[in-house]
Amino acid sequence: MCADFDFEGQGTFRRIPPPTEQLIDRSREVESKLPGTPVPDDAWRVFFSVSCGVMDMGHFTRMFEARRIALSYMAVQRARFARRHGSATGFRCVAD
């Protein structure tokens, strides 16, 4: 995968934040549970780096899908924990 090259900007690269360890770990975990042949470690290094590299298109598709699922899961988790718990307007379970 190659970093985005800005031809109008005299050959500068777009700065992108590196993936978090949590995203990498979650993506690899999701990918390991997908049916089919697992992706080799070298392909994962290329997938999550900004430098150029070569990989099989099947591996790319598998890793992209795993990353998409991992991002969705992480977004739901963040939203779930971002809500205020114990709100005065919410329902409460009270013992009789």
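The values are calculated or read from the model by the stated rules, or taken from the named source; none is laboratory data. Keep in mind that this is a model prediction, so the values were computed, not measured. Neighbour counts are summed over all protein chains in view; Cβ atoms, including those assigned to glycine, are modelled from backbone coordinates with ideal geometry.
Cβ-Cβ distances below 6 Å connect the following pairs, each with a first residue in region 42-59 that is assigned to a loop (DSSP other than H, G, I, E, B), a second residue that is modelled with pLDDT of 90 or more and not acidic (Asp, Glu), and a separation of six or more residues or different chains: PHE48/ILE24; MET55/ALA43.
Is region 12-24 home to any residue that is at pLDDT below 90 and of a type in the set (Phe, Trp, Tyr)? Checked region 12-24: at least one residue is at pLDDT below 90 and of a type in the set (Phe, Trp, Tyr).
Scanning region 31-41 for residues that are in contact (Cβ under 8 Å) with a residue 12 or more places away in the chain and either over 17 Å from GLU21 (Cβ atoms) or of a type in the set (Ser, Thr, Tyr) (or both), we see that the one that is surrounded by the fewest Cβ atoms within 10 Å (Cβ to Cβ) is GLY36.
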